[in-house]
Amino acid sequence: MRAETLKGHLDGILLAVLEPGPRHGYAIMEALRIRSGGQVDLPTGTVYPALHRLERAGLVRATWSAAGGRRRRVYQLTPAGRRALDSERTTWRDFSAAVTALLQPAPPAASSP
Amino acid sequence: MNRQGGTAPEAGSAVERYLAEITALLPGPPRARAGIVAELRSGLLDATDAHRSAGLPPAQAALAAIREFGDPARVAAGFKAEVAAGHARRVAISLLATGPLVGLLWVATALSSHLGVRAAPWQWAGQSPGLRVGICLVAVAVGITAWAAVLGIATTGRLSRWLPARPRRAPTAAAVAGFGAVGADGLGLLLLATQLATTSGKLSPIPAAAAAAASLARLTLARRAARRCLAIRASLT
């Protein structure tokens, strides 16, 4: 899946990946790949600016941690981030239900005058 | 390089070359860039480790990690708006925080200098039309600074989620706030100089000197910050 296809949904996807617990940048990327069954394969370098944007918007909190001898920036959801994830989910469900209904092959017109 | 933790030196230098390419494309102060580059470095080393665990030799693993991170220009472009917003936010916050302090020093100067004058405060400025106009101009400059700084802070924080992404908005607001502060402090110093020339005996020296020093320092810093905001703004396409 290309970055353009994901545009507009990346924020929600990143928040969802962080829902189970804190992760650093590369672990977020790996979780994206695994959870999408390999469908989502963005240039890893473009995920970091998106994380910084979420941090500025107060949806995630980042802290430097030195576990395992390498300093990594670890991201975790804030309460505002959890709320934003909930609303992203609702929006996506409504949207995808509507589009699914619209894209279904229409039954043949039974009685056209 | 000990940071590489066992990665071959040529692999590490490929990573460093890639990071240097991104650094060269990032705008803003070195401090902001250092944090971004450190984070990307740790990510690249994690990616290199992952490729090594998958069986690649160190040099190829590093190259695979670099490929995975993507075009340096694209990574830098993603960060440009973030650097701009972060810098603008810091500038706006420091202008908004220092404004009242500098203002208080000027008020203290005015109060202590006029203790001997038997007139109500609103009549002091009335003594000289030039001073009155000058104080009005300072008030306008202070108003512009405060308004632009509040705008810069509001649009780079939590509100940014609900606003259309316009990367130039924050550096523009911060630059306006910076030049507004330059105007306010410059006018304050100018008024002080004219007062010194005309009615020097009435000024109390200690608050006046403190206010002048504070305004001069703020003017210098605000000018530099505003110029940097304009430079960052120009780098955004």
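The values are calculated or read from the model by the stated rules, or taken from the named source; none is laboratory data. All values reported here derive from a predicted model rather than from experimental measurement. Because the Cβ atoms are built from the backbone with ideal geometry, glycine has one as well, and the counts that use them run over all protein chains shown.
In table form, for the structure just shown:
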read-out	value
Qualifying residue in the stretch A:19-28 (condition: over 22 Å from B:Gly157 (Cβ atoms), surrounded by fewer than 20 Cβ atoms within 10 Å (Cβ to Cβ), at pLDDT below 90 and under 14 Å from the mean Cα position of the chain (by Cα))	no
Residue selected from the stretch B:68-90 under the condition surrounded by fewer than 19 Cβ atoms within 10 Å (Cβ to Cβ) and more than 9 Å from chain A (Cβ to nearest Cβ), by the criterion farthest from A:Met29 (Cα to Cα)	B:Arg90
Odd one out for A:Arg71, checked against (1) modelled with pLDDT under 90; (2) within 10 Å of chain B (Cβ to nearest Cβ)	(1)
Criterion violated by A:Asp41 - all others in (1) within 13 Å of the chain's Cα centre (by Cα); (2) buried (at least 17 other Cβ atoms within 10 Å of the Cβ); (3) within 10 Å of another protein chain (Cβ to nearest Cβ) satisfied	(2)
Residue tally, condition loosely packed, with under 13 Cβ neighbours inside 10 Å, facing chain B (nearest Cβ under 10 Å) and closer than 23 Å to B:Val83 by Cβ, over the stretch A:45-68	0
Where A:Val74 falls short, out of the listed (1) in a helix (DSSP H, G or I); (2) under 21 Å from B:Ile36 (Cβ atoms); (3) in contact (Cβ under 8 Å) with a residue 24 or more places away in the chain	(1)
Verdict on B:Ala65 being crowded, with 21+ Cβ neighbours inside 10 Å and not assigned by TED's automatic domain parsing to the domain that holds B:Ala175	yes
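Each row is one residue, and each column tells you yes or no for (1) over 15 Å from B:His87 (Cβ atoms); (2) not charged (D, E, K, R).
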| position | (1), (2) |
| --- | --- |
| B:Ala146 | yes, yes |
| B:Arg166 | yes, no |
| B:Thr172 | no, yes |
| B:Ala184 | yes, yes |
| B:Ala209 | yes, yes |
| B:Ala212 | yes, yes |
| B:Thr237 | yes, yes |
